[in-house]
Amino acid sequence: MATKQSRRKPRGGGGRASARPPILPEEEVHLETGAIKGESVIRFHVRGLPVPQGSLRSWVVNGKPVITSTAKGLGSWRRLVADVAQRFAPMEPWAGPVGIELDFGIPKPKSAPKRRRVWPDKRPDLDKLSRAVLDALTYVIFADDSQVVHLRATKDYGAPGVAVEIRRVIDDDALEA
């Protein structure tokens, strides 16, 4: 039997409202992935289970400090993000301010209700997921993650992965001069 949500017809584009500018001629579009690389915007999708950055643990062994990460699989997730980003990276990492949008998809637990909308309000933390992606993009797309002046991140149940959009922030005054 169809649920109330499945019977609803989508309005407009059916997805979330988006105010994306039209693709400019200087942008490169990859037809197989839908990714975009341009002078001021880079957009791509990474498939895989997102791993949060996690915390560091430290202790002393024989008088020497030992520091490890509590997140299992963090290294491979960051490497995967960096590898996909490298395909769309500029020749030199961007200098100056950047804005980033991250849309995370995480698998829905089998215990979640099937007939009503549920939100992923449990772990992993959205800020730790974002930190892992920002660290992976450092030295690939931009020189340092301190350049990020605008960050919008969401997580929802869906296909595991992250959709990434990075934009250069351009000062309007510089365009007029």
Cβ-Cβ distance below 6 Å, separation of 6 or more or different chains: which pairs start in region 58-74 with a residue that is without any contact (Cβ under 8 Å) to a residue 40 or more places away in the chain and farther than 18 Å from Lys128 by Cα and end on one that is of a type outside the set (Phe, Trp, Tyr) and open to solvent by less than 100 Å² (accessible area, probe 1.4 Å)? Trp59/Val66; Pro65/Ser58; Ile67/Ser58
Listing of strands (runs of 3 or more DSSP E) fully contained in region 60-177 that carry 1 or more residues being closer than 20 Å to Phe44 by Cα and open to solvent by less than 70 Å² (accessible area, probe 1.4 Å): 98-106, 148-157, 161-168
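The values are calculated or read from the model by the stated rules, or taken from the named source; none is laboratory data. This one's a predicted model, so the numbers in the text were calculated from it and none came from an experiment. Every residue, glycine among them, receives a Cβ derived from its backbone with ideal geometry; neighbour counts consider all protein chains shown. Just so you know, the surface numbers come from the protein's heavy atoms only, side chains and all, with ligands and any DNA or RNA stripped out. Shrake-Rupley method; radii C 1.70, N 1.55, O 1.52, S 1.80 Å.
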